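Derivation of every value follows stated rules applied to the coordinates shown; laboratory data play no part. Small disclaimer: the values here were computed from a predicted structure and weren't measured. Cβ atoms come from the backbone with ideal geometry, glycine included; neighbour counts cover every protein chain shown.
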Amino acid sequence: MTQDELKQQVAIAAIEYVKGESIIGVGTGSTVNFFIDLLADFKNDIDAAVSSSIATTERLKKIGIRVIELSEVDRIGVYVDGADEVNPQKKMIKGGGGALTREKIVAAVSDKFVCIVDDSKCVDVMGKFPLPIEVIPMARSYVARELVKMGGQPIWRQDYITDNRCEIIDIHNMNIMEPMTLEKEINNIPGVVTVGLFALRDADVVLVGKGSEVITY
Ligand code: 5RP
């Protein structure tokens, strides 16, 4: 199977989790795009969606799904999103597509986080994929120096501005042995908006496309 076929397969499996939900959260990225395209057939069953990025909002609207602001709801039944890496404890690195802050906010409000990935994203120890950190632009160099002290190699994602008008630093070569501790430590650096470690609010369900099957854990 190609990687796109694996993504399509997990997207189909994720549809089962939104059945019966009136408000759903929708993540960002190429895997979620397959999921959004499938949602077209269920749009009459869903009242509205809360989106995690401008790109996802546009895609949802194109297929006729109503997109509402997060502040219009106090809970979301289920949130479906991809990941850049996921470990056996369902902790993730996210933000390869730059939408980490809104993704983390929507995940926080959701009762259930369903992570959809192909098996290339499954790792035992996270950190091979550079860890994205969204920063307030004036703090970029300061945050980068602090990250060096923590043992990382920060690289500025040049010519990239997030939906929140902020910048991204990607940390290379970090073996993430204690994701929850690291998430808190990086969150504490002044100027950090969001770290792309999703360890404190991890996934509830992970659907992995592997060969011709979908593994659930
Ligand atoms: C975007 C994300 C995505 O979920 C992550 O990058 C995975 O994307 P893809 O499905 O394209 O591999 O966190 O900010």
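Before moving on, here are some points about what is shown:
- Were the residues from residue 159 through residue 66 laid out at 0.36 nm apart, the gain over their Cα-Cα distance would be 30.3 nm.
- Built amide H within the under 5 Å cut-off of residue 53, gap 5+: none
- Compared with the dominant Cα axis of the chain, that is its longest principal axis, helix 3-18 is turned about 70°.
- For segment 114-170 and segment 1-57, distance of Cα centres in Å: 25
- Remark on residue 25: its backbone amide H falls under 5 Å from those of 50, 78, 79, 80, a criterion applied only to residues 5 or more positions apart or on other chains, H modelled at 1.01 Å from N.
- Of the trypsin sites (Lys or Arg not before Pro) in segment 8-80, those whose Cβ has at most 16 other Cβ within 10 Å and which sit in DSSP loop: 19, 43, 66, 75
- Counted charge near residue 65, where neighbours are those whose Cβ lies closer than 12 Å (Asp, Glu -1; Lys, Arg +1): 0
- Each residue, residue 148 and residue 217, gets one label point 7 Å from its Cα in the Cβ direction; the gap between the two is 3.7 nm.
- Net charge of the neighbourhood of residue 86, taken over other residues with C-beta under 13 Å away and scored Lys/Arg +1, Asp/Glu -1, is -2.
- A Cα-only calculation for the chain places Rg and Dmax at 16.8, 52 Å.
- Remark: segment 133-138, residue by residue, has Karplus-estimated 3J(HN,Hα) of 9, 8, 10, 5, x, 5 Hz, where x stands for each Gly or Pro and the curve is 6.51 cos²θ - 1.76 cosθ + 1.60 at θ = phi - 60°.
- To the nearest ten degrees, helix 100-109 and the longest principal axis of the Cα atoms of the chain are 60 degrees apart.
- Set 184/210; 19/121; 90/128; 62/90; 94/121; 128/149 screened for pairs whose C-alpha atoms are more than 21 Å apart: 184/210; 19/121; 62/90
- When the Cα convex hull of segment 78-207 is projected onto planes of every orientation, the mean area is 7.2 nm².
- Backbone geometry of segment 70-79 corresponds, through the Karplus equation with coefficients 6.51, -1.76 and 1.60 at θ = phi - 60°, to 3J(HN,Hα) couplings of 4, 5, 7, 10, 9, 8, 10, x, 9, 10 Hz, x marking Gly and Pro.
- Rounded to the nearest 10 degrees, the inclination of helix 140-149 to the longest alpha-carbon principal axis of the chain is 70 degrees.
- With contacts taken as Cα pairs under 8 Å and at least 6 residues apart, segment 15-54 reaches a relative contact order of 59 percent.
- Amide N of segment 23-48 lying under 18 Å from the label point, which is placed 7 angstrom from the Cα of residue 200 along Cα→Cβ: none
- FRET efficiency for residue 58 and residue 180, using Cβ-Cβ distance with R0 set to 41 Å, rounded to 0.05: 0.75
- Taking all Cα pairs closer than 8 Å and separated by 6 or more residues, the relative contact order of segment 47-178 comes to 23 percent.
- The relative contact order of segment 1-97 comes to 30 percent, based on Cα pairs under 8 Å that sit 6 or more residues apart.
- Taking the convex hull of Cα positions in segment 4-122, its mean projected area over all directions (nm²): 6.6
- Working ranking of peptides 157-167, 96-106 by packing, defined as the average number of other Cβ atoms within 10 Å per residue, highest first, is 96-106, 157-167.
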